[in-house]
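Comments concern the structure below.
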Amino acid sequence: MKSRQRAAAIFKSIVCLVILIGIVNELLFARAAIAEPGNPANPVKSSSRNIEDFKQKMDEQVPKWQENYGVPGVALGIVHEGRIAYTLNYGYADKKKKIPLSDNTLFQAASISKSLTAWGILHLADEGLLSLDDPVGKFLTRWQLPASGFNHDEVTIRRLLSHTAGLSPHKGYLGVAPGKRLRPIEESLSGKGWFNEPVKITGKPGAEAVYSGGGYTMLQLVIEEVTGMPFDRYMKEQIMKPLGMKSSSFRQEPTDSNLSKAYGYFGQELPNYQFSEQAAAGLKTNTTDMMTLILASMEVSNSESKGHGVITSKRVEEMQKPVLSENGLGVFVKKLSNQHTLIYHSGDNRGWHSFYGLIPDTKDGLVILTNSENGIELRQDIYHAWIEYETGTLPEGHFSIAEQRKHNSVISVVIGAALGVYLLLFAVRLSSGRRVFITKHKKKPYVRAGIRTFLLLLTGTTLFCTSYVWSVLSLNLGNKINFLLIMAWLVALLIAGFFPKTPKSSDTLIAKKPYS
């Protein structure tokens, strides 16, 4: 009788589990569907572009995406037909204190810093203080590229600006928490510091495009050597102030009343990381200043030429001309589906994801600034919606990302279902006495439990630190759910280790043995 009741209970549990998996599956796929900014079956006609419609779509969708992905704050700047059309702020600069974003809120712009650094170099070229085709070694005394089998004279300023100098691929800069020592850039270039590697030549200069933040750290050193000024001061006085970027700065100040808080994948507040490598990752800015940069990068009126007197119009055109592949000077250049040219750069620091782009043909532009690791998802959806508005069709990348999200959703369901079955079997074995707490076990396998516990804790701690503390793991595209499920598996296995299986008794085995 008891075995029948137990079998019925197991059957009911399995039915409930199947229903739960179905619900989770629907929710996860709905999540991916919500993330799609438009319906490809009903594309927007580019000839009927209406900026008010796009603004209304952002007002409707962005708060939903924020809630879906867990992004406390996002600021948008929309340039339309050569003028600032909208500055839109959604959410909080400080979610704990409920401080809303404002037009004055600053964000770390991360690698967008490289675009402004390019302006700084081009200004020096206009002043005759350097040539873009000069070898970079001509201007460096405080640090030199390590010896290699390649011609160092081919590592030119232009190639550093366009990521075509043959330098080793760079993982990116993590920065340091406030209060910790900021290393001199010479030490950074030499590879000192956590998660850092020395900058060196690993390929023939000019042969291929390989993204390298280290090349821009070299350019920071060039600016300081040529001008005799600290990089942040030169950029403030010679570039940003003349452009009208009143609030932006490369200065690495741990406290700034206008700077938003930054948040991790799980909503935890992150430190305001500081960077020695200011030229590659150290810019703090807002949407108004970034739209000012966009307007200076286009011909928007007869009264003021591109460059706004900071660099010449010819230099702006040179900057926006690809050197190799899509790589311009401090920007990337690509053709959209309607054959218009998009000039853009994105940025990714721990806790910050950003984007700015401009379409000179229509004199339109977009700025996206977010204050969360989860902002990488939201940024992508906003960008796709903007491209759909501009061209009438979603970009190809939208469909591959949507597909990847669905794949990860399926993986989540499989991992979750397997965990559910494991927990169900674990509960059945506990109730039937097949598993008992370690102190009640006859053999008391403490050594085995200790080794198992150590290995599980080591694995869990490593995963936790890399994702929660260091924010190095990429947990976008639904990977965050998979990560949480894996952590749940580790916890389940850890608990199960203290309830070892009980061996079948010898009496039972003898009873089942057939007579010879």
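So here's what we get for this one:
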quantity	calculated
Cβ pairs under 8 Å, 6+ apart, first in segment 168-197 and touching a residue at least 24 places away in the same chain (Cβ under 8 Å) and over 19 Å from ASN349 (Cα atoms), second outside any loop (DSSP other than H, G, I, E, B) and among the small types (Gly, Ala, Ser)	SER168/GLY214
Residue count for segment 341-358, restricted to those that are open to solvent by 30 Å² or more (accessible area, probe 1.4 Å) and either of a type in the set (Phe, Trp, Tyr) or under 16 Å from HIS384 (Cβ atoms) (or both)	2
Any hit, segment 140-149, residues being within 24 Å of ILE112 (Cβ to Cβ) and assigned to a loop (DSSP other than H, G, I, E, B)	no
Residue within segment 445-458 that is open to solvent by less than 30 Å² (accessible area, probe 1.4 Å), of a type in the set (Gly, Ala, Ser) and part of a helix (DSSP H, G or I) present	yes
Residues that are under 22 Å from SER276 (Cβ atoms) and in a helix (DSSP H, G or I), drawn from segment 233-255	ARG233, TYR234, MET235, LYS236, GLU237, GLN238, ILE239, MET240
Subset of segment 274-309 [in a loop (DSSP other than H, G, I, E, B), touching a residue at least 12 places away in the same chain (Cβ under 8 Å) and either of a type in the set (S, T, N, Q) or surrounded by fewer than 21 Cβ atoms within 10 Å (Cβ to Cβ) (or both)]	SER276, ASN286, SER297, GLU299, VAL300, SER301, GLY309
ASN104 in a loop (DSSP other than H, G, I, E, B) and surrounded by fewer than 24 Cβ atoms within 10 Å (Cβ to Cβ)	yes
Residue check, LYS314 modelled with pLDDT of 95 or more and either among the basic types (Lys, Arg) or open to solvent by less than 30 Å² (accessible area, probe 1.4 Å) (or both)	yes
Every residue from segment 128-180 that is among the β-branched types (Val, Ile, Thr) and open to solvent by less than 20 Å² (accessible area, probe 1.4 Å)	VAL136, VAL155, THR156, ILE157, THR164
Test: residue in segment 156-173 that is of a type in the set (A, V, I, L, M) and within 21 Å of the chain's Cα centre (by Cα)	no
Test: residue in segment 214-221 that is on the phi < 0 side of the Ramachandran plot, at pLDDT 95 or above and surrounded by fewer than 17 Cβ atoms within 10 Å (Cβ to Cβ)	no
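The values are calculated or read from the model by the stated rules, or taken from the named source; none is laboratory data. These numbers were taken from a predicted model, which means no experiment stands behind them. Don't worry about glycine lacking a Cβ; one is built from the backbone with ideal geometry, like all the others, and counts go over all protein chains shown. All accessible areas refer to the heavy atoms of the entire protein, side chains included, with ligands and DNA or RNA removed. Shrake-Rupley method; radii C 1.70, N 1.55, O 1.52, S 1.80 Å.
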